[in-house]
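Asks: Okay, handing you the structure first.
FYI, it's all coordinate maths here, none of it is from the lab. Since the structure is predicted, the reported quantities are computational estimates derived from the model, not experimental observations. Heads up, the Cβs are rebuilt from the backbone with ideal geometry, glycines too, and the neighbour counts pull from every protein chain shown.
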Amino acid sequence: MSRYFSKKFKALVPYTPGEQPKEMKYIKLNTNESPFPPSEKAMKKAAEAVKNLQLYCDPECRELVKKASEVFSVDTDEILFTNGSDEILNFAFSAFCDETHPAVFPDITYGFYPVFAEINRVPYEEIPLKDDFTISVDDYIGINKTIFIANPNAPTGIALSLNDIEKIVSSNPESVVVIDEAYVDFGTESAVSLIHKYSNLLVTQTFSKSRSLAGGRLGFGIACKELIADLNTIKYSTNPYNINSLTQAVGAGVLEDEEYTKSNCKTIIENREYLTKKLEAMGFFVLPSKANFVFARHDKTDGRALYEALKSKGVLVRHFDSERLRDYNRITVGTKEQIDILTQKIAEEL
Ligand SMILES: *Cc1c(COP(=O)(O)O)cnc(C)c1O
């Protein structure tokens, strides 16, 4: 730290992203990316967009917004696109949290939430998950704080029902409830259907997982137009050109090819069951996942040791060192071929 670094960030501990090693070719099952390339149609649109890079990108992302409004059956002023969904989550901490509306989220969830709270200097509270890693819905009823829930949750993969989400949203009318649906396309019912009923609901999604665009950085939020207007105030006060032209083009192409997205999600859901069965047959305890990853532990090996062993054999998974998580590894669901290599390496290790 230089002696010039602002005191307000003295305690800030940044988020640690998963490894993206370049020194050798790993089977990458550590950051929940799609194993499939982006849609061909989408790539063609991006190639066209390169020709106009001398111009600023559209700050309103009109093509993207129009297509998304059709895909998600909402109005164009009920959507905001951002640079990954991380950006809209950051905007939400900034826009909707303060001393009277502290942020609240589970103690085990997306590791970026406490960092967003810190950088925006808003108070936050963590509510412990139950022993079985499920969210205790009652803990969120009528608390009137700004609630952030990843559904399905990460890194557990466990999802709440839409009915439980609605209970949380409807019981907190004085504060915003943010449902982070990064993994919704792998088999959970979306809360987007509730945005016309509740003016305090913000649903965020991303193109990073189900839509094969992690490197493009594209996410979005859907909410009533007043909440979207608030988030736009933050966006236009930081970076109006937050999504570059190439990503706007490739994203619009992805939305023109929903068949491809749906078919990839179907494959991942099948492969998730295949991976789960194989792991269970080897003696693993696997949490019931609705995401494109599973969270698993084995009594015979320590989570960290298994992570290290797999890394040395060319397979990357994600290990978290905190107390309740250290026995486990989070394994992204890849192709069947990747799963077969993974389970073969695990068998060697066991
Ligand atoms: C991956 C992820 C995100 C953000 O992804 P972006 O790449 O920034 O769109 C948000 N929330 C959760 C729970 C995630 O796992």
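Asks: For a quick check: sort MET282, MET24 by the number of other beta carbons within 10 angstrom, fewest at the front.
Replies: The fewest-first ordering by Cβ neighbours comes to MET24, MET282.
Asks: OK, next. Order these by the 10 Å Cβ neighbour count, fewest first: PHE93, PHE112, PHE285.
Replies: Final ranking by Cβ density, sparse to dense: PHE285, PHE112, PHE93.
Asks: Sorted by average packing, counted as other Cβ atoms within 10 angstrom per residue and highest first, what order do 38-49, 201-212 take?
Replies: Descending mean neighbour count gives 201-212, 38-49.
Asks: Looking only at LEU231, LEU29, LEU162, which one moves most when the chain is put into a Gaussian network model with springs between Cα atoms under 10 Å?
Replies: In the Gaussian network model the winner is LEU162.
Asks: Calculate the dipole size of the chain relative to its Cα centre from +1 charges on Lys and Arg beta carbons and -1 charges on Asp and Glu beta carbons; express the result in debye to the nearest 20. Could you put the intermediate results ahead of the total?
Replies: Details: 41 positive and 50 negative charges, 232 e Å.
That gives the chain a dipole magnitude of about 1120 debye.
Asks: Okay, next question. Excluding ALA159 itself, what net charge comes from residues whose Cβ is under 9 Å from its Cβ, given Lys and Arg +1 and Asp and Glu -1?
Replies: So the environment of ALA159 carries a net charge of 0.
Asks: Over all pairs of distinct alpha carbons, what does the Kirkwood formula give as the hydrodynamic radius of the stretch 175-288, in Å?
Replies: Numbers: mean 1/r = 0.0611 Å⁻¹.
Final number for the Kirkwood radius of the stretch 175-288 is 16.4 Å.
Asks: By what distance, in whole Å, do the Cα atoms of the chain stretch along each of the three principal axes, largest value first?
Replies: Taking max minus min along each principal axis of the Cα atoms, the chain gives 55, 51, 49 Å.
Asks: Also, quick follow-up: Given 20 °C and 1.002 mPa s, compute D for the stretch 274-350 with the Stokes-Einstein relation, Rh being the Kirkwood radius over Cα pairs; round to the nearest whole µm²/s.
Replies: 174
Asks: Give me the net charge of GLU48's neighbourhood, meaning all other residues with Cβ under 14 Å from the Cβ of GLU48; Lys, Arg count +1, Asp, Glu -1.
Replies: For residues surrounding GLU48, the net value is +1.
Asks: If you stretched the chain out fully between LYS262 and LYS313, how much longer would it get, using 0.36 nm times the residue separation minus the C-alpha to C-alpha distance? Please list the in-between numbers first.
Replies: Numbers: separation 51, 0.36 × 51 = 18.36 nm, distance 3.24 nm.
Answer, rounded to one decimal: 15.1 nm.
Asks: Rounded to two decimal places and with Rh computed the Kirkwood way over Cα pairs, what is Rg over Rh for the stretch 1-78?
Replies: Rounded to two decimals, Rg/Rh equals 1.11.
Asks: Which order do the peptides 219-230, 127-138 take when ranked by the mean count of other beta-carbon atoms within 10 Å per residue, highest first?
Replies: Going from most to least packed, we get 219-230, 127-138.
Asks: Continuing with this model, one more query. Counting Lys +1, Arg +1, Asp -1, Glu -1, what net charge surrounds GLU63 among other residues with beta carbon under 11 Å of its beta carbon?
Replies: Summing Lys/Arg as +1 and Asp/Glu as -1 gives +1.
Asks: Determine, for VAL122, VAL71, the number of other Cβ atoms within 10 Å of each Cβ, and report the residues in order from fewest to most.
Replies: Ranked by crowding around the Cβ, least crowded first: VAL71, VAL122.
Asks: Rounded, prolate or oblate: which one fits the stretch 80-232, using the alpha carbon gyration tensor with axes a ≥ b ≥ c (rounded when a/c is under 1.5, else prolate when a/b beats b/c, else oblate)?
Replies: Numbers: a/c = 1.23, a/b = 1.08, b/c = 1.13.
Since a/c stays below 1.5, the shape of the stretch 80-232 is classed as rounded.
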